[in-house]
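The values are calculated or read from the model by the stated rules, or taken from the named source; none is laboratory data. Fair warning: this is a prediction, and the values are worked out from it, not measured in the lab. So basically every Cβ, Gly included, is an ideal-geometry build from the backbone, and we count neighbours across all protein chains shown. The area values use the complete protein model at the heavy-atom level, side chains included, leaving out ligands, DNA and RNA. Shrake-Rupley method; radii C 1.70, N 1.55, O 1.52, S 1.80 Å.
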Amino acid sequence: MKISTRAVMGMYSLLWPAALPALALSSRLREGWRERTLSKVHSGPVDIWIQAASAGEAFLAREILLSLPSDTPLRVLVTSGTTQGMDILSRTCEELKPQKLLDVEHAYFPFDAPFLMKKALRHYAPRLVVTLETELWPGFLAEAKKQNIPVLLINGRMSAGSFASYVGIQEFLRDIGPKKILALNGKSTQRYAVLFGHERVETMQNIKFDRCPTEAPVLPEDHPLSRLLGVGDEVLVLGSVRKEEEPDILETLQILHRERPKTTIALFPRHMTRLDFWSKVLYETGLPVVLRSQLTTAPAPGTIILWDAFGELGAAYSLASAAFVGGSLKPLGGQNFLEPLIHGLVPVIGPHWKNFDWVGREIVESGLVCEVTDARQLARQVIVSLENPQPKNAVQKRAAEYISARTGGTAQAVACILRHL
């Protein structure tokens, strides 16, 4: 039996009187509580309301805001649900202050209680609502439809799991859903089209590619790391290694020390709290180790440099002969493997890189990234990379071409926003 949208929203509304007191117990949600409950609001009306769920979406919002026309008067409210997102939006608003015709305010996103969304949308009265990636808040969408406010979903991505859960409420979602969806190429486009209808969905490039540098910063000749990772030395960087990967990395280090004893290895734990573990286990295993803070000149070839300094991973990549990027041997989402790539290294990663799957499987298929499954494969692939290094300038050129071919999402998004204003 089909349940009407009105009935669904009625049941949804009944959840909120009990939910709000429970949410008040969360220390995370107490941050910005007055804005989340609309006891504090900014001035309205606005032309555009952009909702960016967290940090990742806030960076996308930043690209859109910086690309809006500077010669047209526009008032924009941009919201987020997390402190990380709010920090990014705050910095973006500061950047935009010199643009006198573009007035941007940032605030915490209200709770999705229908009575709060009714109040918020009436107060801010946006001409257009823009949501980013996977934002499908029923209270927000249903009230926007009631008030005849068009909604765009931009940079839309949808996982197989989300799609499976949404299929069961497909008719409801189609009734309250966005007027237009710019979805990422591939399966996300297909999934949104099934849920909302092909006529509402267009394909776009991922805005994240517009944020990717295609050239690495040039390291000054007198940079301190140039003395530690000497020119001509064979250097492997193990970057952003996570706690869960430590047994695999230790096994890799033992294999490498046995088979390539002259290779200097720069080991960067993702979290400094793991330095004591690494100091102890490397000493107990008999592997030669020194803290980066103890070095003023290059160590003997074959030394493992345990990195206890912040902010030097990029510079280390620029001086390295090969690199592994952590967070990927175990299901941890992966870390940024594009950084060593633009420095001219073909990075080795594990099979778990969900956080960067937007880059596309083609990056592995093209040979710009090497994927391995375990410590032994990692050691073997690193040895291959060290024995047969690809010219850095050639790798940089191919990486720049890969990224450049996928840019343009921001311009497409802004054009869509301006068409619907």
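Using a simple charge model, +1 on the beta-carbon of Lys and Arg, -1 on the beta-carbon of Asp and Glu, nothing else, what dipole does the chain show about its Cα centre, in debye to the nearest 20?
Using only the charged Cβ atoms, the result is roughly 1480 debye.
On a 1.4 Å probe surface of the protein chains, which of Trp137, Trp33, Trp353, Trp358 comes out largest in accessible area, and what is the full order?
Trp137, Trp33, Trp358, Trp353
State the volume of the convex hull built on the alpha-carbon positions of region 209-255, expressed per residue in Å³ and rounded to an integer.
Normalising the Cα hull of region 209-255 by residue number yields 158 Å³.
With a 1.4 Å probe and all protein chains left in place, how much of the accessible area of the chain comes from carbon and sulfur atoms, in whole percent?
Carbon with sulfur: 54 percent of the solvent-accessible area.
Sequence neighbours fewer than 8 away in the same chain don't count; with that in mind, list the lysines whose C-alpha is under 23 Å from Lys40.
Lys97, Lys118, Lys119
Tell me whether the chain comes out rounded, prolate or oblate; compute the Cα gyration tensor, take square roots of the eigenvalues as a ≥ b ≥ c, and use a/c under 1.5 as the rounded threshold.
prolate
So what's the net charge close to Leu77: Lys and Arg +1, Asp and Glu -1, counting the other residues with Cβ under 12 Å from its Cβ? List each step's numbers first, then the result.
Values: positive: Arg75, Arg127; negative: Glu35, Asp47, Asp103, Glu105.
Every neighbour counted, the sum reads -2.
Grab the eigenvalues of the alpha-carbon gyration tensor for region 72-111, scale each by 5, take roots, and send me the semi-axes largest first in whole angstrom. All intermediate terms of the calculation are to be shown ahead of the outcome.
On the way: eigenvalues 80, 28, 4 Å².
Over the Cα atoms of region 72-111, the semi-axes work out to 20, 12, 4 Å.
Distance from a point 7 Å along Cα→Cβ of Leu421 to each backbone N in region 105-127: keep the residues under 19 Å and list them by number.
Under cut-off, by backbone N: 105-106, 124-127.
Let me test this: with uniform point scatterers at the alpha carbons of region 224-355, what is the Debye-based log₁₀ I(q)/I(0) at q = 0.16, 0.17, 0.19 1/Å?
-0.74, -0.85, -1.09
Specify the angular offset, from 0 to 90 degrees and rounded to the nearest 10, of the alpha carbon long axis of helix 392-404 from the longest principal axis of the alpha carbons in the chain.
The helix 392-404 is inclined about 10 degrees to the chain.
Using only the alpha carbon atoms of region 160-203, find the Kirkwood hydrodynamic radius as the inverse mean reciprocal pair distance, in angstroms to one decimal.
This gives a value of 10.3 Å.
Is the C-alpha gyration tensor of region 30-70 telling us rounded, prolate or oblate? Criteria: a/c under 1.5 is rounded; beyond that, a/b larger than b/c is prolate, otherwise oblate. Before the final figure, lay out each step's value.
Details: a/c = 3.57, a/b = 1.42, b/c = 2.51.
Oblate is the answer for region 30-70, as a/c is 1.5 or above yet b/c matches or exceeds a/b.
Just to confirm the number: angle between the C-alpha axis of helix 375-387 and the first principal axis of the chain, 0 to 90 degrees, nearest 10?
For 375-387 against the chain, the angle is about 70 degrees.
Taking just the alpha-carbon atoms of region 1-142, what radius of gyration and Dmax come out, in angstrom?
Looking at region 1-142, its Cα Rg and Dmax stand at 15.7, 56 Å.
How large is the accessible surface per residue of region 129-281, computed with a 1.4 Å probe and reported in Å² as a whole number?
Accessible area per residue, region 129-281: 47 Å².
Rounded, prolate or oblate: which fits region 339-387 when a ≥ b ≥ c are the square roots of the eigenvalues of the alpha-carbon gyration tensor, with rounded for a/c under 1.5 and prolate only if a/b beats b/c?
Judged from the Cα gyration tensor, region 339-387 comes out oblate (a/c at least 1.5, b/c at or above a/b).
If packing is taken as the average number of other Cβ atoms within 10 Å across a peptide's residues, how do 60-67, 235-242, 121-128 rank, most packed first?
Order by mean packing, descending: 235-242, 60-67, 121-128.
Straight distance only, please: which lysines reach the Cα of Lys187 with their own Cα at less than 26 Å, same-chain residues fewer than 8 apart left out?
Within the straight-line cut-off, Lys187 pairs with Lys179, Lys208, Lys330, Lys354.
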